[in-house]
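Heads up: the structure comes next, in structure tokens.
The values are calculated or read from the model by the stated rules, or taken from the named source; none is laboratory data. If you're wondering where the values come from, they're calculated on a predicted model, not measured in any experiment. Cβ placement follows ideal geometry from the backbone for every residue including glycine, while neighbour counts extend to all protein chains displayed. Quick note on the areas: whole protein, heavy atoms, side chains included, nothing else; ligands and nucleic acids left out. Shrake-Rupley method; radii C 1.70, N 1.55, O 1.52, S 1.80 Å.
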Amino acid sequence: MSEENGKLNILVFTCNWCAYAGADLAGVSRLQMPTEFRQIRTMCSARVDPEFILYAFRNGADGVMVAGCHPGDCHYIGGNYRTRRRMALLKMLLQQFGLNPRRLRLEWVSAGEGQKFARVVSEFIEEIRKLGPSPYRKQGAKHGQENITCPEKRG
Amino acid sequence: MARKISLALKRGASCVGCDIAVVNLSQKLFDLLEIADIVFSPTLLDVKYDDLRKMPDKSITIGLYHGAVRNSDNEEFAKIMRDKCQVLIAYGACAHMGGIPGLANVSNREKIFQTVYKETFSTDNPKCVFPQTEWVDDRGHKLTLPEFYDEVYTLDDVVDVDYYVPACPPTHEMNMEILNLIKDWVEGKRDLPPKGTVIAREKTLCDECPRNPGKGKKITVEKLKYISEVEPDPEKCFLEQGILCLGPATRAGCGAPCIEANMPCRGCMGPTSFVMDQGGSMLSAIASILGISEDEIELSEEDIEKLVSQLKDPLGCFYRFSLPKSLLRKVVQDREV
Ligand code: SF4
Ligand code: SF4
Ligand code: SF4
Ligand code: FES
């Protein structure tokens, strides 16, 4: 990820069935929003393993948003129920690691909520801009610590 | 009888429990001594550090290094062990993942010195002297101390490691497994495992646990309980009882001695190689069982926060033995926390 100062590293995970469609709607409606974020589509918000988020912060993310379907609307019925528990636990954990928990944000965005997607992403980027770069960016690579790679196969 | 091999044991930031674990081979220790000479072990033999320094490179067959790397002395000897030993094994949770000493990564050198050399009730240090790496007295004698690092490292953060033997400390059964491995190798019966192998299973502890409620059985827990507050049922899965057990996020191979003694697992074997982060993996497991019910839709995000806040100290519970090997490794200081 980019190390340049002043440029933020912001990741937005969107689930395929609601939030991604919402983001798409925001795009085709030509809604104004900052461009300093990268979006990753997953089939469901529950596919966003807590490890992905920790991995992102380790590698210099300044903020991570996970956007999924509203409760009751998940394409896989209960995926987002797991997501909301993970996110709440992750916030507690990140706080213990000394990170401001506001660097992690959960939003429910339906396929019709292009407006909401543009608003929450803008708000989030504004918030992270105020917080500045994550302190984990400065964690250097002493003793070859950068060598973690994603395991390919998963149980 | 084939050639006899040599063995060295060296400790880093260690409680020395790992040396005791080797002695815990009990009668089998003689089997070990039959195939191996212990040529260096400050705990078991009367040796000096210079003895190790003077040995020719690669002259020791197998080195067991236990303990984390916390100061420059630990690092120096990790490197010496690497030079002197043909096979270097990270032995025990501390060398493998940082272990209990690795929990110091919630703090840093400055804060630790402040606490230990200034703030504790029994400290009498009016000039507020902190440990220095060098000091010269009035007569010109120079004294040195190793440098205390800002954070704790694992053995493979500082040197190349051939094998890992997890657990705090490795159990008798695990030691027997290594002993047989080495024995067969010395006798030419089989090769050593591929470099980098963690000498244990690739399954999770739950997979081998006698209390496993069975695949596909959905567990839901309303309330988390602490082992200090309840008398656990001696047969039922701990998580099913609402007691935090790290089995789902922990590698099998220890033989589950804790579960057998009616204590939940605390994760000293570390995660399997399928995951990057033991805490992330345990967090997922908890999130899938905590308070899922029919009226989920009625719950607000605040309700969810309340539900998960039953878990006190997630960092300490999830990374008790693996903080320096976790993705985030150490605590930082953000703005406006
Ligand atoms: S792994 Fe456990 S027994 Fe071994 S040195 Fe570390 S704390 Fe002691
Ligand atoms: S959670 Fe603990 S008690 Fe339950 S099956 Fe896994 S290891 Fe056994
Ligand atoms: S049951 Fe858990 S804590 Fe006990 S030895 Fe095995 S891995 Fe370690
Ligand atoms: S599919 Fe959108 S949250 Fe599961």
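Structure notes:
- Degrees separating the helix B:172-186 axis from the principal Cα axis of chain B, which is the longest one: 50
- Overall shape of chain B was characterised from the C-alpha gyration tensor. The equivalent ellipsoid obtained from it has semi-axes of 38, 30, 16 Å, in decreasing order.
- Computed over protein heavy atoms with a 1.4 Å probe, the carbon and sulfur contribution to the accessible area of chain A reaches 51%.
- Of B:164, B:226, B:153, the one that fluctuates the most in a GNM where chain B has Cα springs shorter than 10 Å: B:226
- Å³ per residue enclosed by the Cα convex hull of segment B:106-150: 83
- Under-5 Å amide H pairs with residue A:41, H placed in peptide plane, nonlocal only: A:14
- Close amide H pairs (under 5 Å, H built 1.01 Å from N) link residue B:71 with B:149, residues at least 5 positions away or on another chain.
- At most 15 other Cβ within 10 Å, DSSP loop - trypsin sites (Lys or Arg not before Pro), segment B:215-278: B:215, B:217, B:218, B:223, B:236
- Assigned charges on the beta-carbon of Lys, Arg, Asp, Glu; segment B:136-295 dipole about Cα centre (debye): 480
- On a per residue basis, segment A:1-143 carries 41 Å² of accessible surface, using protein heavy atoms and a 1.4 Å probe.
- If you plug the beta carbon distance of residue B:136 and residue B:160 into 1/(1 + (r/R0)^6) with R0 = 45 Å, you get a FRET efficiency near 0.75.
- Considering only B:290, B:126, B:7, the residue lying farthest towards the positive end of the dipole of chain B is B:7, judged by Cα position with unit charges set on Cβ.
- Modelled label positions at residue B:235 and residue B:296, each set 7 Å beyond Cα in the direction of Cβ, lie 3.2 nm from each other.
- Projecting the Cα atoms of A:35, A:74, A:100 onto the charge dipole of chain A (Cβ charges, centred on the Cα centre) puts A:100 farthest toward the positive pole.
- Summarising the strand pairing of chain B, around 25 percent of its internal DSSP beta bridges are antiparallel.
- Relative contact order (%) - criterion: Cα under 8 Å, at least six apart; region: chain B: 18
- Pairing chain B with chain A buries about 4300 Å² of accessible area. This figure sums both sides and uses a 1.4 Å probe.
- Two-site label geometry, residue B:303 and residue A:76: point separation in nm, points 7 Å out along Cα→Cβ: 2.3
- Acute angle (nearest 10 degrees) that the helix A:114-131 long axis makes with the longest principal axis of chain A, alpha-carbon atoms: 20
- For chain A: relative contact order, % (alpha-carbon pairs under 8 angstrom, 6 or more apart): 32
- Checked against a 27 Å cut-off, the cross-linked pairs A:7/B:306; B:48/B:118; B:4/B:84; B:48/B:111; B:218/B:306 give Cα-Cα distances beyond that limit for A:7/B:306; B:48/B:118; B:48/B:111.
- Among the GluC sites (Glu not before Pro) in segment B:213-259, those placed in a DSSP loop whose Cβ has at most 16 other Cβ atoms within 10 Å are B:222, B:229, B:235.
- Mean residue ellipticity, 222 nm, helices only, chain A: the sum of -39500 (n - 2.57) across DSSP H runs of n ≥ 4, divided by residue count and rounded to 500, is -11500 deg cm²/dmol.
- Eligible lysines near residue B:215 by straight Cα distance, threshold 26 Å, same-chain separation 8 or greater: A:153, B:203, B:223, B:225, B:236
- Residue B:147-residue B:313 FRET efficiency (beta carbon distance; Förster radius 30 Å; 0.05 resolution): 0.50
- Accessible surface area normalised per residue over segment B:186-337 is 49 Å², counting heavy atoms of protein chains with a 1.4 Å rolling probe.
- In this structure, residue B:177 and residue B:228 have a Cβ-Cβ separation that, at R0 = 45 Å, corresponds to a calculated FRET efficiency of about 0.85.
- Sequence-distant aspartates and glutamates (8 or more away, or on other chains) whose Cα lies within less than 17 Å of residue B:58: B:37, B:50, B:76, B:83, B:160, B:162
- Computed with the Debye formula from one identical point scatterer per Cα of segment B:184-309, without solvent, the log10 of I(q)/I(0) at q = 0.16, 0.21, 0.22 Å⁻¹ comes to -0.85, -1.25, -1.32.
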